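Below is one structure; the comments refer to it alone.
The values are calculated or read from the model by the stated rules, or taken from the named source; none is laboratory data. If you're wondering where the values come from, they're calculated on a predicted model, not measured in any experiment. Neighbour counts are summed over all protein chains in view; Cβ atoms, including those assigned to glycine, are modelled from backbone coordinates with ideal geometry.
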């Protein structure tokens with residue numbers, strides 16, 4: 001077995017704060033096609049007026065003044081984004097740094113054994129990053145050249161298919177959702193809530209889609225304030241993200257910060 005497997009297996013024995021299950025929703029009992037019909041009927045007459053990262057209903061911070069920050073790592077699963085930064089994961093496990101992992105269905109499919117190990121480790125919280133990594137829209141709006149979900153049916157499929165895949169593989173239904181690109185309209189955010197998900201934004205752009213150098217990542221993280229949610233990536237091992245995080249974590253700890261999972265605190 002690999003060094004990473006040993007680390008993950010060892011820390012799986014350590015219990016952290018229990019993650020509360022999501023509120024019950026229609027998604028808990030309906031087949032996907034029936035769920036799509038139900039949600040479409042409910043929201044059919046709604047027309048979105050907002051589009052962006054910080055529309056109403058998106059949580060961007062922890063609701064606390066304590067010196068805590070939430071490190072979130074996206075695994076997007078694009079054709080060039082199915083890698084895994086194992087050095088970063090090993091570091092987090094070794095240093096016992098909790099993190100919330102937003103994982104896309106395509107990444108799960110390409111990394112099934114690693115996903116099993118991560119989802120079995122209470123250090124990490126598994127969250128929903130969609131089925132095809134699309135912006136969350138009810139009318140096909142795009143962000144960064146990526147087309148959003150075309151309508152309510154596709155949005156429900158984008159969120160719910162991955163949620164059910166995560167639950168089938170881990171035994172736990174995710175309660176947090178971040179869309180591909182982290183762009184939303186406000187109706188899509190309400191639909192995510194109807195599916196039992198809290199939409200998760202961020203307050204610290206940690207690596208700009210894994211394009212920052214290691215020094216830029218470190219500098220971004222060192223600007224963190226109490227209650228910040230940090231957005232970085234774990235699917236680009238050749239980027240500067242891992243090295244930048246590993247350099248920033250000791251300094252943040254010296255400054256009195258603790259790392260937590262998003263669900264360990266209320267969100268705002």
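Working only within region 222-239, note down all residues that are touching a strand residue (DSSP E or B) at 6+ places or on another chain (Cβ under 6 Å) and more than 27 Å from residue 172 (Cα to Cα).
224
Name the residues in region 192-209 that are buried (at least 24 other Cβ atoms within 10 Å of the Cβ) and in a loop (DSSP other than H, G, I, E, B), would you?
Across region 192-209, the qualifying residues are 197, 206, 207.
Do we have any residue at all in region 210-219 that's crowded, with 22+ Cβ neighbours inside 10 Å, under 16 Å from the mean Cα position of the chain (by Cα), in contact (Cβ under 8 Å) with a residue 24 or more places away in the chain and under 26 Å from residue 141 (Cα atoms)?
Yes: region 210-219 contains one or more residues that are crowded, with 22+ Cβ neighbours inside 10 Å, under 16 Å from the mean Cα position of the chain (by Cα), in contact (Cβ under 8 Å) with a residue 24 or more places away in the chain and under 26 Å from residue 141 (Cα atoms).
Considering only region 99-121, I want to know if a residue exists there that is more than 21 Å from residue 209 (Cβ to Cβ) and outside any helix (DSSP H, G or I).
Looking through region 99-121, at least one residue is more than 21 Å from residue 209 (Cβ to Cβ) and outside any helix (DSSP H, G or I).
Could you tell me whether region 161-180 includes any residue that is touching a residue at least 12 places away in the same chain (Cβ under 8 Å), out of contact with any helix residue (DSSP H, G or I) (no Cβ under 8 Å at 6 or more places or on another chain) and within 24 Å of residue 250 (Cβ to Cβ)?
no
The rows are residues; the columns are (1) modelled with pLDDT under 95; (2) in contact with a strand residue (DSSP E or B) (Cβ under 8 Å, 6 or more places away or on another chain); (3) part of a helix (DSSP H, G or I); (4) surrounded by fewer than 24 Cβ atoms within 10 Å (Cβ to Cβ).
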| residue | (1), (2), (3), (4) |
| --- | --- |
| 165 | no, no, yes, yes |
| 168 | no, no, yes, yes |
| 174 | no, yes, no, no |
| 181 | no, yes, yes, yes |
| 187 | no, no, yes, yes |
| 190 | no, no, yes, yes |
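Pairs, please: C-beta under 6 Å, at least 6 apart or cross-chain, first residue free of Cβ contacts under 8 Å to residues at least 40 places away in the same chain and in region 115-141, second part of a loop (DSSP other than H, G, I, E, B)?
The qualifying pairs are 140/148; 140/150.
Which residues, counting only those in region 134-159, are touching a strand residue (DSSP E or B) at 6+ places or on another chain (Cβ under 9 Å) and part of a helix (DSSP H, G or I)?
Within region 134-159, 155, 158, 159 qualify.
Out of region 240-265, which residues are touching a strand residue (DSSP E or B) at 6+ places or on another chain (Cβ under 7 Å), surrounded by fewer than 22 Cβ atoms within 10 Å (Cβ to Cβ) and either part of a loop (DSSP other than H, G, I, E, B) or without any contact (Cβ under 8 Å) to a residue 40 or more places away in the chain (or both)?
Matches in region 240-265: 257, 265.
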